[in-house]
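Report on the structure given below.
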Amino acid sequence: MLYWLTTLSDGGGVFNLFRYITFRAGAAFFTALVFGFLFGRPLINWLRFKQKKGQPIRDDGPQTHFVKAGTPTMGGLLILSALFVSTLLWARLDSGYIWIVLLVTAAFAAIGFADDYAKVTKQHHAGLSGRVRMGIGLAVGALAGLAAAALHPDALSGQLALPFFKDALIGLGIVFVPFAMLVIVGAANAVNLTDGLDGLAIGPVMIAAGTFGVISYLVGNANFANYLGVHFVPGTGEIVVFTAALIGGGLGFLWYNAPPAAVFMGDTGSLALGGALGAIAVCIKHEIVLAIVGGLFVVEALSVIIQVLYFKRTGKRVFLMAPIHHHFEKKGWAEPTIVIRFWIIAIILALIGLSTLKLR
């Protein structure tokens, strides 16, 4: 919104700064961060008042989780409020990519909110129907895929770019839309499964967002894209403003989510943030790189799939409990130990993902 102040500039002066993505990204980061600090405590108090008993704790979960009874959920509202306010203030609102990512985030936030609301009101860990969640999510992913394909240059529309190979493209044609659905819905649910310990999900989400912010800036700049040998996607540089706002809002939330958490992110936050990462990957043509950068989320999701399939087939479990972070809890690892080690893994995977830019 504030980008339009550049019309007051004659090529110099303060208002000229608003032309630069880097300046607006920095401003978006600090706006979201300050928003989180200012409104975090009032929101938590309001959620505690409204929810009374807070998020229900599963009976079959780790025993250490029962001390968290009464902690309010839906803390993702803090991240999302900071994210939306900051992005709408500092991003160019004539960017189609910004609107794709914002609307996907909002749609998955609505799904997550409905799920959290059902859990809190029923005081049961089973929330919204899985079929309903999946159906709406796939519909949102399909619309996002269609919109992204329409915005992409003709040479890239409906194409799948491969990491490590400079000019390699696989023509998906109409299959691109189902593929985009899989990426977006898969990312949303993978982050949702990762959100099981205080601070566990938000750290890797911010790391992935920072990584994709860098990639968005590079692929949206013709000179950098040519130098690095990546496909130039005009207009995607503006996504940096969104990722910067996400990191700022995430840090503001982490202030209150650090162990022992004063509030949980809930499905409101985890589904929305995962969906956002998936939408960004689709927009910037780095869907496969998302599986590398978000490898931690992939492992968490795979651990659940493996556990369920193996148990149905044999009646036995591969892990003590799934997702895999609960397996390590059952083995006696302290919660902060798991969180920090998983963050380290996320940083390593992010660096590997960035390295694909120059290795092409």
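The values are calculated or read from the model by the stated rules, or taken from the named source; none is laboratory data. Bear in mind that the values here come from a model prediction, so they are computed numbers and not experimental data. Ideal geometry is used to build each Cβ from the backbone, glycine not excepted, and the neighbour counts take in all protein chains shown. Ligands, DNA and RNA are excluded from the accessible area calculation, which covers all protein heavy atoms including side chains. Shrake-Rupley method; radii C 1.70, N 1.55, O 1.52, S 1.80 Å.
With the simple model of a label 7 Å out from the Cα in the direction of the Cβ, K52 to I305 spans 4.0 nm. Under 18 Å between alpha carbons, and skipping anything fewer than 8 positions from K53 in its own chain: which lysines qualify? Here the lysines satisfying the reach criterion relative to K53 are K68, K119, K122. Note on the chain: with a GNM built from Cα contacts shorter than 10 Å, the maximum mean-square fluctuation among G158, G278, G315 falls on G315. At q = 0.13 Å⁻¹ the log10 of I(q)/I(0) for the chain amounts to -1.01, computed by Debye summation with a single uniform scatterer per C-alpha, solvent ignored. Working from label points 7 Å from Cα in the Cα-to-Cβ sense, the Q123 to R341 distance is 3.6 nm.
Near G145: Cβ cut-off under 13 Å, other residues only, Lys/Arg at +1 and Asp/Glu at -1. The net charge is 0. Only lysines eight or more places from K358 in sequence, or on another chain, were considered; those with a Cα closer than 19 Å are K166, K285.
With a cut-off of 20 Å on the backbone N, the residues of the stretch 257-286 near the modelled label site 7 Å out from I170 along Cα-Cβ are 278-286. In this structure I207 has an accessible area near 40 Å², from a 1.4 Å probe over the protein heavy atoms. Rolling a 1.4 Å probe over the heavy atoms of the protein chains gives the chain an accessible area of 44 Å² per residue. Each label was represented as a point 7 Å from its Cα along the Cα-to-Cβ direction; for F23 and L351 these points are 3.4 nm apart.
Full extension of the chain segment joining W333 with A150 gains 61.1 nm, where the gain is 0.36 nm per residue of separation less the Cα-Cα distance.
Only lysines eight or more places from K316 in sequence, or on another chain, were considered; those with a Cα closer than 27 Å are K330, K331. Taking all protein chains together, W46, W99 sort by accessible area into W46, W99, largest first [probe 1.4 Å].
Residue order by solvent-accessible surface for K166, K331 is K331, K166, largest first, with ligands and nucleic acids left out and a 1.4 Å probe. Per residue of the chain, the DSSP helices (runs of n ≥ 4 H) give a summed -39500 (n - 2.57) that works out to -22000 deg cm²/dmol at 222 nm.
Rolling a 1.4 angstrom probe over the stretch 186-280 with all protein chains present gives an accessible area of which 64% lies on carbon and sulfur atoms. Taking a sphere under 9 Å around the Cβ of D267 and counting the other residues whose Cβ falls inside, with K and R at +1 and D and E at -1, yields a net charge of -1.
Counting Cα-Cα pairs of the stretch 134-225 in 5 Å increments starting at 0 gives whole-percent bin shares of 3, 12, 15, 20, 22, 16, 9, 3, 1.
N189: net charge of surrounding residues, Cβ under 14 Å, Lys/Arg +1, Asp/Glu -1, itself excluded? Within the 14 Å Cβ shell, the charges total -2. The charge dipole of the chain, taken about the Cα centre with unit charges on the Cβ atoms of Lys, Arg (+1) and Asp, Glu (-1), comes to about 860 debye, rounded to the nearest 20.
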